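One structure is given here, and the rest of the page talks about it.
The values are calculated or read from the model by the stated rules, or taken from the named source; none is laboratory data. Note that the structure is a prediction, hence the values are computed from the model and not measured. Here the Cβ positions follow ideal geometry from the backbone for every residue, glycine too, while neighbour counts run over all protein chains shown. Note: accessible area is taken over every heavy atom of the protein model, side chains too, but ligands, DNA and RNA are not part of it. Shrake-Rupley method; radii C 1.70, N 1.55, O 1.52, S 1.80 Å.
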Amino acid sequence: QTNLKSPEDIQVYVVNTNFTLRWNYTGNDTNVTFSAEYRWFEESEPNGTEWKGLPGCQNVTCTECDFSSAITEYYDMYHVRIRAERREEVSPWSSVFEMIPYFIAQIGPPGIELQSVNGVIKIKVSPPEENQVRKMWITPLYFKYKLVIWENSSNSEFRSQSIFPTDTIDDLAPDTTYCLKVQATLHLELLEGLFSPIRCIKTTRKVNDVLCPTNLRILALNMQFHLHWTNQYKQHVSYNVQYLIGYLKKLHDDYSVKWLNIHGCENITDTQCNFSSIITATSGFYYLRVQAINEYSRSCLSNEVKVDPLITNEIGPPGVKLDISNALLHIQISPPGASESEVMRDHYDLSYRVLYWKNSSNNEEEIKVKEIKQTIGSISDLTPSTLYCVKVQAFSEAYNKSSHFSKEECIKTPGDKILPLIILATFVTALIAVFLVAVPLGFALYQAYSKIKYVFFPSCQPPLNIEGFGGQLLSSPYPLTAEEPIENCSVIETIITEEANQIVSKDNKHSKQRNQDSGNYSNDDNASGSKVSEEMLEKETV
């Protein structure tokens, strides 16, 4: 039995490695003190250690206590409870507060140092937990710093910007008091720390030195980087272009001695420099400045300019080649940058916007758009015998960048192939039909010709011994031989009849004898012989 009430609304506040326990007590009792206990859940004690007194929170008279010395492991689970006490009388324990220190910790305020020089404010930021033995935050390299600055006046506007541990704040009005505060953040863990105490400082007037280069600007196209600046000095002057790797500014060390000269941009008199050789990585960033040196060896440094390669660089137009085959218009795209095309393609994840249209006298021809990821594309549904024009733009959605369009390329589609195919098919069909009709007809005519020739113009000729007889029947049963020469005999007038008859008789005998010897004379020969004799007799008579 007790009249003491338990503490309520138990809370633990953690800033860096500083732990504060706070609670409320609604009792009206006097001379009441408070004592807290805790237990620790570690890997070797999954069920927790025994409850024990919380150092720094024993017999305290206020409603808060600091127990920073008791917590050494910031990723383990702890339980905390508290009760009220008055002499021998104690209240029931409060509800248990569970915590993992790292998850409830806040980033403490950073330290700052200010210096007003030549119209600007130089600031140096110290990380939270600097010079502390135990640290909640593993490394200060992960910290980013946010600056809030304003004029110390009634109608001032707040301006926020990110700064490095060692940085310069410019674009300030001269002879003006500015107040500022700085906050440390951990972006990866979405943690925002406490602001530093407010500090105020008055700016000075800026001295304009004509020797210093001004108006530094960067022109970058397809990963080729050029720095340009303006010269105000009217006499002889030479320049050294220097660069600093960006991550060095994230360190809390002095980087002023780590600036390096760019090879090829030392002791030059021109007001431009190609510094592409130093861009060896696209993931980091760089700072550039120009040092001017006059004939008296006096030097002056320009303001710095930041180079983030993939953001500063601009994308150039791609190359385009056209070809037509199989009723398709093929588009071959060369990524911007020539030798740097791989860097452009891989880091920007380029896409391409293709514009194509019919190049005709009709100005109202629709321009069509097609977006592709590859460097090879094709367009279908083309009109035969038509001039098509194409231009291509490269763009990167990730960096919100786009190039100018490439030069227009045009190509004419071939004529319609259907009509020639129809003509060819018709010709082949007609040729086949003619062949099918002509071959049988030609064969029939050839057969008729052969029959007629065989009947009326036989190829075989009769023997010579048959020709010339005019179809007269042969009286001789014997085959004829070649006609032998016949002696021409004449009969003298019939004055001497006996002689003539004897001569005729002799001739007949002689003729018969010859026929018997040769066996080749016919009766016609006898008749012809008689006839010849008669003709001779008639001549003799005359």
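Points worth noting:
- Residues (within 18 Å of the chain's Cα centre (by Cα), open to solvent by 50 Å² or more (accessible area, probe 1.4 Å) and either over 23 Å from Leu216 (Cβ atoms) or small (Gly, Ala, Ser) (or both)) located in region 283-322: Pro317, Lys321
- Residues that are farther than 26 Å from Asn303 by Cα and either open to solvent by less than 70 Å² (accessible area, probe 1.4 Å) or among the aliphatic types (A, V, I, L, M) (or both), drawn from region 196-222: Ser196, Ile198
- Glu371 being in a loop (DSSP other than H, G, I, E, B) and either at pLDDT 90 or above or more than 30 Å from Ala220 (Cα to Cα) (or both): no
- Yes/no for Gln272 being in contact with a Cys (Cβ under 8 Å, 6 or more places away or on another chain) and in the same structural domain as Ser256 (by the TED database): no
- Looking across Gln161, Gln242, one residue alone is closer than 30 Å to Ile104 by Cα, under 45 Å from the mean Cα position of the chain (by Cα), polar (S, T, N, Q) and part of a strand (DSSP E or B). It is Gln161.
- Any hit, region 389-396, residues being open to solvent by 90 Å² or more (accessible area, probe 1.4 Å) and either over 30 Å from Pro309 (Cβ atoms) or at pLDDT below 80 (or both): no
- Which listed residue, of His252, His263, is in contact (Cβ under 8 Å) with a residue 40 or more places away in the chain, part of a loop (DSSP other than H, G, I, E, B) and over 14 Å from Val305 (Cβ atoms): His252
- Annotation: of all residues in region 127-141 being free of Cβ contacts under 8 Å to residues at least 24 places away in the same chain and of a type in the set (S, T, N, Q), the one that is surrounded by the most Cβ atoms within 10 Å (Cβ to Cβ) is Thr139.
- Region 170-197, residues that are over 15 Å from Pro128 (Cβ atoms), part of a loop (DSSP other than H, G, I, E, B) and in contact (Cβ under 8 Å) with a residue 12 or more places away in the chain: Asp170, Leu172, Ala173, Pro174, Asp175, Thr176
- Note on region 46-126: enclosed strands (runs of 3 or more DSSP E) holding 1 or more residues that are among the basic types (Lys, Arg), closer than 30 Å to Leu301 by Cβ and open to solvent by 70 Å² or more (accessible area, probe 1.4 Å) are 120-126.
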